[in-house]
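Structure, as C-alpha cells:
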Amino acid sequence: MKLDSLDIIVTSPPDPGWGGRYWILVKLTSDTGVVGWGEVYAAAVGPDAMAAVIRDVFVRHMAGENPENVELMFRRAYSSGFTQRPDPTVIGAFSGLEIACWDMVGKDRNRPVHALIGGQVSPRIRAYTYLYPTRPAHVLPGFWADAGQAAEAAQDMVAKGYTAVKFDPAGPYTIRSGHMPSMHDISRSVAFCRSIREAVGDRADLLFGTHGQFATGGAIRMGAAIEPYSPLWYEEPVPPDDMESLAQVARAVRIPVATGERLTTKREFAQALAAGTAILQPALGRSGGIWETRKIAALAEAANAQVAPHLYAGPVEWAANIQLCAAIPNCLMAETIETDFHDRLIRGNIRIEDGYIRLPDGPGLGIDVDEDLARAHPFRGDGLHLQMQEAEVDYRGHAIFEGGAPRT
C-alpha cells in the first residue's frame, strides 16, 4: 500500500465557532483505495498558504511512501531545508498528514490506532471541558468576565458528569506578552476561582488557563493569588518558548504547571519537562502526530509527569487524541468540545458518557467523517484560526478575553 493522493478541506464551524474559525482537514487516499483522515491544528499563516505547505510536505516527503513508515517520513519533514529543529508550520502540516496515515493503516488492518501503538491501557478517557455559555442568560461577551455565570456553567457541566472544567479570566491574550497582570485581572481571576470552587466543591477540578501572556513576576503574582482554590493546573503562565521563566514559575508556585498547546516535537516537550512542567498538553495536529506524541508521553512517564491532550480544533484531532490516550499509562484527561457540528462531522462516532469519553469501536481513528458536511461549510473569512490582539494591555479593567473565536 502506497500513499497516492491528498485532498484538503478547510471547514468553518457555524456560530458560536467553538474550536476556532476554521479546521484544516486532510484526506489521504492510498493506491489501494483506502482513505485516511487527519487534521492540522492552528496554522500561523492563512488557510490558503497553509494548504500550500501541506501539499508541499506531502509531495516532497510522503507521496508514494508506505503509510506505515511514519518515522521515516517524520525524519524527512523534520530535516527538510537543512533544519533538523522544531518548525511549527512544517511539523503542523506533517502532523495532520501523519494522523491520516495511522487512520489509513488502521482501516487497512481493521484495527483501531491504539492497538497499533501499544494496545489499550484505558477503556475510557476522563474528559474535561472549557466553560462555555450554558444558559439563555449567559450572553456574550459579558459571560467571559462574569464569575457568577461561569459558576453556573460549571455547575451545569458537573451535572453532566464532568470532573474538571477550564476557564481563563485573566485578560485577553496579546502580542505584547509577557506583561504584568492588572489588579483588575488578578481580582477577576480570584473571583472566578472562588465562585467556581464554591459552586462545584470537590466534585470537579479547576483548570486555570492564561495563554502564555505573563511576565515571570506577573505569573508568580497571579499563581499566588489563585493558589488557595487549589487549581489542578496553571496553564501556560509564561510565553511558550521561555523555558527559563517557566522553571522559575514552577519553583515559586504550588500549583502544577501545564503547557504544550503551542509546542512541537519531543525536543520542545523535553525542555518543558526539564523546566518542571507537571502536565503536558500536546495538540496532536501540531506536536508531530500520533507517533511523535507517543514518544512525548514516554518522556513524561519517565519524568513522573502526566499528559492531557489539548483540543481547540475539530473532531478529527479529537479522535487522534483519544486513540493516543487509550494507549498510554499517564493520560490525566483529554479536552473535549461538545457542539452539534463537532458531533455531526464524525456522525456521532465518539460519545461522552458521564464525564468520560468512550472509545469508538471502528478501525483507524474510529470515526466516519461526513465529507459533504465539511465541504458545505467552507471558510470565507480572512482571519486566522486563532488570533492575538494588538491592543495595549488594559490596566483599567475594561478588556476581557472573548473566547478563541468571537461570534460573527
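None of the figures in this text is laboratory data; all of them are computed from the coordinates on show. For clarity, every value in this text was computed on a predicted model and none was experimentally measured. Heads up, the Cβs are rebuilt from the backbone with ideal geometry, glycines too, and the neighbour counts pull from every protein chain shown.
Across the stretch 77-93, rounded Karplus estimates of 3J(HN,Hα) from the backbone phi angles (6.51 cos²θ - 1.76 cosθ + 1.60, θ = phi - 60°) give 5, 5, 9, 4, x, 6, 9, 6, 7, x, 10, x, 6, 5, 5, x, 4 Hz, Gly and Pro being marked x.
Report the Cα centroid-to-centroid distance between the stretch 107-129 and the stretch 333-352 in angstrom, as an integer. Comparing the Cα centres of the stretch 107-129 and the stretch 333-352, I get a distance of 16 Å. Taking the Cα centre of the stretch 173-260 as origin and assigning +1 to Lys and Arg Cβ atoms and -1 to Asp and Glu Cβ atoms, the resulting dipole is close to 260 debye. Looking at the square roots a ≥ b ≥ c of the eigenvalues of the Cα gyration tensor of the stretch 102-199, which shape do they give, rounded for a/c under 1.5, prolate if a/b is larger than b/c, or oblate? Verdict is prolate for the stretch 102-199. Close Lys pairs in the chain (alpha-carbon distance under 17 Å; sequence gap of 8 or more, or different chains): 4.
Per-residue ellipticity at 222 nm from helix content only, as computed over the chain with -39500 (n - 2.57) for each DSSP H run of at least four residues, stands at -11500 deg cm²/dmol.
The spacing between the stretch 151-230 and the stretch 238-297, judged by their C-alpha centroids, is 19 Å. Residues in the stretch 287-298 carry Karplus couplings, in order, of 6, x, x, 5, 5, 5, 6, 4, 5, 4, 4, 5 Hz; the curve used is 6.51 cos²θ - 1.76 cosθ + 1.60 with θ = phi - 60°, and Gly or Pro positions show x. Set the Cα radius of gyration of the stretch 162-206 against 2.2 N^0.38 Å, with N its number of residues, and you get 1.35.
Using +1 at the C-beta of Lys and Arg and -1 at the C-beta of Asp and Glu, which of Ile337, Val369, Gln84 has the Cα lying farthest in the positive direction of the dipole of the chain? The one lying farthest along the dipole's positive direction is Gln84.
Given the C-alpha centroids of the stretch 356-404 and the stretch 1-75, what is the distance between them in whole angstrom? About 17 Å separates the Cα centre of the stretch 356-404 from the one of the stretch 1-75. Does the stretch 306-356 come out rounded, prolate or oblate by the C-alpha gyration tensor, with a ≥ b ≥ c the root eigenvalues, rounded set by a/c under 1.5 and, if not, prolate when a/b is larger than b/c and oblate if not? Verdict is prolate for the stretch 306-356. Treating only the Cα positions of the chain as identical point scatterers, give the base-10 log of I(q)/I(0) from the Debye formula at each q in 0.10 Å⁻¹. Debye intensities relative to I(0), on a log10 scale: -0.62.
Over the stretch 3-110, the reciprocal of the mean inverse Cα-Cα separation, the Kirkwood hydrodynamic radius, stands at 14.1 Å.
The amide H of Glu335, built 1.01 Å from its N in the peptide plane, has Tyr128, Leu311 as neighbours under 5 Å, considering only residues 5 or more places off or on other chains. Between Arg135 and Ser79, residue separation times 0.36 nm minus the direct Cα-Cα distance comes to 15.2 nm.
Toward the positive end of the charge dipole of the chain, with +1 on the Cβ of Lys and Arg and -1 on the Cβ of Asp and Glu, the farthest Cα among Thr134, Gln389, Phe74 is that of Phe74.
The orientation-averaged projected area of the convex hull spanned by the Cα atoms of the stretch 240-369 comes to 8.0 nm². Computed from the Cα positions only, the extents of the stretch 197-236 along the three principal axes stand at 32, 17, 12 Å, in decreasing order.
Each peptide among 167-180, 113-126, 314-327 gets the average number of other Cβ atoms lying within 10 Å of its residues, and from highest to lowest they stand as 314-327, 167-180, 113-126. Residues Glu301, Glu292, ranked from the fewest to the most other C-beta atoms within 10 Å, line up as Glu301, Glu292.
Listed by Cβ neighbour count within 10 Å, with the fewest neighbours leading, Asp156, Asp202 appear as Asp202, Asp156.
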